[in-house]
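Beneath this line is the structure, given in structure tokens, with notes to follow.
The values are calculated or read from the model by the stated rules, or taken from the named source; none is laboratory data. Keep in mind that what you see is a predicted model, and the values were worked out from it rather than measured. Cβ placement follows ideal geometry from the backbone for every residue including glycine, while neighbour counts extend to all protein chains displayed.
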Amino acid sequence: MLFRAFCLLQPIILLNLLWGSRTADAAISAQFALWVILTARGVSSMRSQIFGKVLYKGDPAANSVALTFDDGPSVPYTSRTLDILKEHGVKATFFVIGKNVAAHPEIAGRMHDEGHEFGNHTYSHPWMFRIIFSAIRKDIELCQTEISRITGSRPRFFRQPIGMNNPGAMKVLDGLGMVMVGWQTRAYDGVDARTDAIVRRVLEGVRPGGIILLHDGVDEKLGLDRSCTVDALREIIPALKARGYNFKTVSELTGIVNMQPVPGQEKFVNAH
């Protein structure tokens with residue numbers, strides 16, 4: 001945790017306080033500099049364990065990977081993604097936005113019916129550094145409600161919007177019994193959406209046991225086109241299979257139970 005580093009410096013600071021103010025000031029300055037460095041590292045990396053446990057990989061010996069998709073469900077990209085996954089017999093983990101689930105329950109129902117895994121990606125996709133604990137919790141819980149209407153269960157897995165970690169969100173997740181999920185390999189398909197670039201980043205960055213981040217949907221305010229991600233997926237899956245990789249959901253990859261049944265909650269009946 002972030003504060004362990006501070007604890008290591010406390011004896012030094014106490015000694016310096018006894019010996020003189022200049023050395024005490026230097027020690028305090030060193031502690032502050034360390035705090036800045038660790039905080040920046042913890043915020044910017046979805047592999048960092050500074051703020052708490054973040055899942056980003058499983059056992060590399062299994063030679064498996066997990067495909068994950070953020071921001072769905074959306075029209076038409078999630079359905080096209082599901083078509084490709086079905087064609088190749090691959091199960092994935094979808095970190096859904098709650099308001100998109102509410103808008104497209106039939107697509108979310110198909111995701112569930114075809115054996116894919118759900119993760120929570122908040123209800124409204126907010127910039128979490130601008131909202132307080134209670135607002136973060138409410139947004140997460142609203143997404144949980146929408147997922148449970150589709151599946152009859154609530155996920156433990158959560159992925160924070162915008163690709164940055166937040167100690168406030170980690171504290172809320174601890175209280176909800178949830179787990180932050182990051183990634184080993186990021187396609188940056190929301191930044192540079194060229195098909196060849198997406199394919200290259202995934203194939204160059206992937207390692208055994210890794211979690212791969214792609215996007216099947218959008219925050220509808222942004223109106224992004226995910227066609228290149230869909231096209232890239234047609235190349236990525238065969239290429240990874242040719243390397244001997246198996247595909248698993250995040251829960252299968254990590255051995256951590258995700259979906260937890262909600263007593264008395266009947267799942268959405270999909271009529272697709």
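Here PRO238 clears all of (1) at pLDDT 95 or above; (2) of a type outside the set (Phe, Trp, Tyr); (3) closer than 21 Å to ARG159 by Cβ except the condition numbered (3). Output the residues belonging to segment 80-101 that are closer than 21 Å to SER251 by Cα and not aliphatic (A, V, I, L, M). Hits for segment 80-101 are THR81, LYS86, HIS88, GLY89, LYS91, THR93, PHE94, PHE95, GLY98.
For first residues located in segment 47-70 and under 24 Å from LEU85 (Cα atoms), partners that are charged (D, E, K, R) and lie 6+ apart or on another chain with Cβ distances below 7 Å form the pairs TYR56/ARG47; PRO60/ARG207; SER64/LYS248; ALA66/LYS248; PHE69/ASP216; ASP70/ARG159. Restricting attention to segment 78-102, the residues being under 19 Å from the mean Cα position of the chain (by Cα), farther than 17 Å from SER148 by Cα and not aliphatic (A, V, I, L, M) number 3.
With respect to the conditions (1) within 16 Å of the chain's Cα centre (by Cα); (2) among the acidic types (Asp, Glu); (3) more than 26 Å from GLY177 (Cα to Cα), GLU252 falls short on a single one, namely (3).
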